[in-house]
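*Asks:* The following block contains the structure, expressed as structure tokens.
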Amino acid sequence: MKPIYFSILILCLCSSLLFSCIHNKRIQYLQHSSSESQVILDSVLRSYDIIRYDYRLQPEDQVEVRFESLTPKEFDFLNNTIQSSATTPSGNLQLIGKLIDPEGTIPFPFIGKVPLAGKTLFEAERFLQGIADEYLDSPIVRIRLLNFRITVLGEVLKEGTIPLANNRVSLLEAIGTAGGLTDFAARDKVKIVRQHNDKASVQYINLLDEKLMTSPFYYVHPNDIIIVPPVKARPFLKYSQQNLTFLVTILNLGLIILTISQLK
């Protein structure tokens, strides 16, 4: 009977070694179908036209508008009439946190509601610049999106909602801000839930394919939800060592019992 137990033990060990390994092709990002074993260093192998991404403001977006001008403080009505703003020691620089209303506009004192929805940040900046030129002396207008954040869940090292300072962040950069993926992540089935106005779309992305750079999902959008699923073998891979230890213990116990019974 001993050879049977040893055969089972050897089989379990071989199976554990075989299935507890993940091939490099399952974890290497942006792979290409052609073999690159003979890569020429310092050379451009391929180039891709990346789809340009410029986020367009939507209702419920929160933006920060900053006005700078040479207009004296007592005549700078844009700054003086806003109580919740933060003022610099010079008294002429204001940071204004504004929420775009459901109609896509932002109210400003004496000017009224200014339509910003549908414009990129640079278009909105130029639009406000044209208005400020009519009222202020040598004004400079800057606008920044405050609610640019994404949520990353699943097989990443740090799950959570992440605020982004840059308005053009790639999917790989976004995953990097979450600490990267775990060894058990299914990199070829990453789910992206994208919200636009009153609709949500679902798309699966393959991070292993180099063609990701030509995808419209290459750049993340505000409020994107990125869900990284585990590989199917995750339970076995994660607990293979514990399971193997338990199995070896049971086999050893059975072998001891069998040996004792044969000695009697």
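The values are calculated or read from the model by the stated rules, or taken from the named source; none is laboratory data. This is a predicted model, so every value here is computed, not measured. Note: ideal-geometry Cβ built from the backbone for every residue, glycine included; neighbour counts use all protein chains shown.
*Asks:* If we scan segment 53-68, do we find a residue that is modelled with pLDDT under 85 and out of contact with any Leu (no Cβ under 7 Å at 6 or more places or on another chain)?
*Replies:* Among the residues of segment 53-68, not one is modelled with pLDDT under 85 and out of contact with any Leu (no Cβ under 7 Å at 6 or more places or on another chain), which makes the answer no.
*Asks:* I'm told Ile227 meets every condition in (1) touching a residue at least 60 places away in the same chain (Cβ under 8 Å); (2) over 16 Å from Leu57 (Cα atoms); (3) more than 14 Å from the chain's Cα centre (by Cα) except one. Can you identify the failing condition by its number?
*Replies:* Only one criterion in (1) touching a residue at least 60 places away in the same chain (Cβ under 8 Å); (2) over 16 Å from Leu57 (Cα atoms); (3) more than 14 Å from the chain's Cα centre (by Cα) is unmet by Ile227, namely (3).
*Asks:* Please find, among Ala132, Ala124, the residue that is within 18 Å of Asp54 (Cβ to Cβ), hydrophobic (A, V, I, L, M, F, W, C) and surrounded by 14 or more Cβ atoms within 10 Å (Cβ to Cβ).
*Replies:* Result of the check over Ala132, Ala124: Ala124.
*Asks:* Would you pick out the residues in segment 148-157 that are surrounded by fewer than 16 Cβ atoms within 10 Å (Cβ to Cβ) and part of a loop (DSSP other than H, G, I, E, B)?
*Replies:* Leu157
*Asks:* Can you work out which of the residues in segment 125-147 that are assigned to a strand (DSSP E or B) and aliphatic (A, V, I, L, M) is farthest from Ile106 (Cα to Cα)?
*Replies:* Ile140
*Asks:* What residue, among those in segment 156-195 that are among the small types (Gly, Ala, Ser) and closer than 14 Å to Phe217 by Cα, is nearest to the chain's Cα centre (by Cα)? Show your work before the answer.
*Replies:* So in segment 156-195, the residues among the small types (Gly, Ala, Ser) come out as 160, 165, 170, 174, 176, 178-180, 185-186.
Subset that is closer than 14 Å to Phe217 by Cα: 170, 174.
On the way: Ser170: 8, Ala174: 3 Å.
The residue in question is Ala174.
*Asks:* Looking at the structure I just gave you, is Gln129 at pLDDT 90 or above and not basic (Lys, Arg)?
*Replies:* Yes, satisfied.
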